[in-house]
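This report refers to the structure that appears directly beneath it.
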Amino acid sequence: MRRTALPAVVLALGALLGACDSETVSFADARALADGAASAIDGKAAKFTTDVTAGSTRSKSQGQARAARTGTALAMTTDFLGEPLELRLVDKIVFAKVPASAREDIPGGKPWVKVSSDGADPFSQVAGGSIDQLAKQNDPGRALDQVRRAGTLTESGHAELDGVSTEHYRLDIDMAALGGDLPAGLSAEAVGELNGKLGKIPMEVWLDDARRPVQIVLDLSPVLAASGVPDSAMAKIVTRYREWGTQADIQAPPPEEIGEIPVG
């Protein structure tokens, strides 16, 4: 009996070990993950949706992004402050389409304006930082760069997402290591005012079988906790990417359609 059972045990162990090997993930650390995923999406475009939750406040965005090592181009619409807003990010410049009701404030009634977090015009002064972040937080290349510069891999494995097998990575992002390139509209000054209470924030990344991001989740609850907001408050940015390889011709608005908001 013993000689008969032993080969079966060996075969069973071999099959089990083989199954574990087949479930290994592609990347063993944060830098390898960022570099591998960035290579997989370089020059490719996808559709995306983003769901931002902060306590009881929720906003949604959707659009297309074309990733490139030189910078992502994207076109999107979002419900900024309860109003639909169309944005484009091209050559690292954010353009916002001015609602028709507000174009009388733009010389010539032009439909587009450039938006900057440090712009001197009234619009940029009031909302430039938020709009700049609304566009850039949907950039998969930027998220992967944050993983590369400030991420520590804490857990990895396989998980189903909408019925599809994916590689699932959990990371901690060191806010101090990001310098001024902070997520979700956070400023270095705001982080500094937390007096060291904010160290790392969790991020999760799901990759498809071609090592392309299909979901990125940034958990900003530690920011609220460090600010003294009750423990029940939740803050998350969930971005989903689909149809990698889609055609996306994303261009800056024509120069004749770009106006300037007068300063002062």
Handout entry: Residue selected from the range 135-146 under the condition assigned to a helix (DSSP H, G or I) and in contact with a strand residue (DSSP E or B) (Cβ under 8 Å, 6 or more places away or on another chain), by the criterion most open to solvent (accessible area, probe 1.4 Å)
Key = Lys136
Handout entry: Residue tally, condition modelled with pLDDT of 90 or more and open to solvent by 60 Å² or more (accessible area, probe 1.4 Å), over the range 109-128
Key = 0
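For Ile106, indicate whether it is modelled with pLDDT under 85, closer than 21 Å to Glu260 by Cα and either over 16 Å from the mean Cα position of the chain (by Cα) or among the aromatic types (Phe, Trp, Tyr) (or both). Spell out how you get there, then give the answer.
Working: modelled with pLDDT under 85: yes; closer than 21 Å to Glu260 by Cα: yes; either over 16 Å from the mean Cα position of the chain (by Cα) or among the aromatic types (Phe, Trp, Tyr) (or both): yes.
Here the answer is yes, as Ile106 does meet what is asked.
Can you tell me which of Lys47, Lys92 is under 27 Å from Pro202 (Cα atoms), out of contact with any His (no Cβ under 7 Å at 6 or more places or on another chain), among the basic types (Lys, Arg) and modelled with pLDDT under 90?
After ruling out the rest, the residue left standing is Lys92.
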Handout entry: Residue, least open to solvent (accessible area, probe 1.4 Å), within the range 147-178, restricted to residues that are outside any strand (DSSP E or B) and in contact (Cβ under 8 Å) with a residue 40 or more places away in the chain
Key = Val147
Completion exercise
Those residues of the range 225-264 which are open to solvent by 60 Å² or more (accessible area, probe 1.4 Å) and modelled with pLDDT of 85 or more amount to Lys236, Arg240, Arg242, Glu243, Gln247, Asp249, Gln251, Pro255, Glu256, Glu257
Practice task
Only residues that are of a type outside the set (Phe, Trp, Tyr) and touching a Lys or Arg at 6+ places or on another chain (Cβ under 6 Å): list them for the range 94-110, please.
Solution key: Gly109
Handout entry: Residues satisfying the stated conditions in the range 68-82, i.e. in contact with a Pro (Cβ under 8 Å, 6 or more places away or on another chain) and farther than 18 Å from Asp51 by Cβ
Key = Thr72
Problem - Leu33, sole failed condition from (1) more than 14 Å from the chain's Cα centre (by Cα); (2) over 27 Å from Pro222 (Cβ atoms); (3) crowded, with 18+ Cβ neighbours inside 10 Å - result: (2)
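The values are calculated or read from the model by the stated rules, or taken from the named source; none is laboratory data. Remember, it's a predicted structure, so these values are computed and weren't measured experimentally. FYI the Cβ positions are ideal-geometry reconstructions off the backbone, even for glycines, and counts take in every protein chain you see. Each accessible area value is taken on the protein alone, full model and side chains, heavy atoms only, with ligands, DNA and RNA left out. Shrake-Rupley method; radii C 1.70, N 1.55, O 1.52, S 1.80 Å.
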